[in-house]
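For reference, the structure is listed below as structure tokens.
The values are calculated or read from the model by the stated rules, or taken from the named source; none is laboratory data. For clarity, every value in this text was computed on a predicted model and none was experimentally measured. Here the Cβ positions follow ideal geometry from the backbone for every residue, glycine too, while neighbour counts run over all protein chains shown.
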Amino acid sequence: MEKEENIKSLRLQNKLEELETISVFLEELAEIWDIPLALTMSLNLVLEEAFTNVVNYAYEDNEAHLIQIEFEMKERVLSIKIIDDGKAYDPTQNADPDVTLSAEERSIGGLGIFLIRKMMDEVTYQRADTKNILTMTKKLTNGN
């Protein structure tokens, strides 16, 4: 019986150019772990939102920082952790934006985490030592 390697990780610099690396890595994982194309596209959007937020808002300096993304597949549940050493910030505490308002009437921000919550089954945050850990999970079923 083959043992599926169910944990993969990426170490990235805090640069938006790394989004391409994430996308390519995710496509490779999707093939290995048999993740449907539509879900892969959704996951790519989720990762793009979360990673962009870390790059744009987590750091108060212009220094290079490493951001780690860990992917784990266990019993057809995909868990993605984004780990950074930026300032403490819990995006899960944001209130959902009022999407009934027009774009001009809505306050700026909050749509990214709202989108992530809608697309994933569970989103949690923890601060461990000097690290932010955003964990997002998605159950893979035949329908997604």
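Would you point out which residue out of LEU12, LEU26 is part of a helix (DSSP H, G or I) and surrounded by 14 or more Cβ atoms within 10 Å (Cβ to Cβ)?
Numbers: LEU12 fails: part of a helix (DSSP H, G or I).
After applying the criteria, what remains is LEU26.
For the stretch 126-139, name all the residues that are under 21 Å from ALA58 (Cβ atoms), surrounded by fewer than 17 Cβ atoms within 10 Å (Cβ to Cβ) and either in contact with a strand residue (DSSP E or B) (Cβ under 9 Å, 6 or more places away or on another chain) or charged (D, E, K, R) (or both).
Within the stretch 126-139, the subset under 21 Å from ALA58 (Cβ atoms) is 126-136.
Then keep just the ones that are surrounded by fewer than 17 Cβ atoms within 10 Å (Cβ to Cβ); that gives 126-131, 133.
Matches in the stretch 126-139: GLN126, ARG127, ALA128, ASP129, LYS131, ILE133.
Looking only at residues that are of a type in the set (A, V, I, L, M) and exposed (fewer than 15 other Cβ atoms within 10 Å of the Cβ) in the stretch 56-95, which one is modelled with the lowest pLDDT? Walk me through it before giving the result.
Going residue by residue through the stretch 56-95, those that are of a type in the set (A, V, I, L, M) are 58, 64, 66-67, 69, 73, 77-78, 80, 82-83, 88, 95.
Pick out the ones that are also exposed (fewer than 15 other Cβ atoms within 10 Å of the Cβ) and you get 64, 66, 77, 88, 95.
Numbers: ALA64: 95, LEU66: 97, VAL77: 95, ALA88: 94, ALA95: 60.
Of everything passing the filter in the stretch 56-95, ALA95 is modelled with the lowest pLDDT.
The requirement of being farther than 21 Å from ASN6 by Cβ, buried (at least 17 other Cβ atoms within 10 Å of the Cβ) and at pLDDT below 95 is satisfied by ASN53.
Of the residues that make up the stretch 96-108, is at least one at pLDDT 90 or above and either of a type in the set (Phe, Trp, Tyr) or farther than 21 Å from ASN132 by Cα (or both)? So far as the stretch 96-108 goes, no, none of its residues is at pLDDT 90 or above and either of a type in the set (Phe, Trp, Tyr) or farther than 21 Å from ASN132 by Cα (or both).
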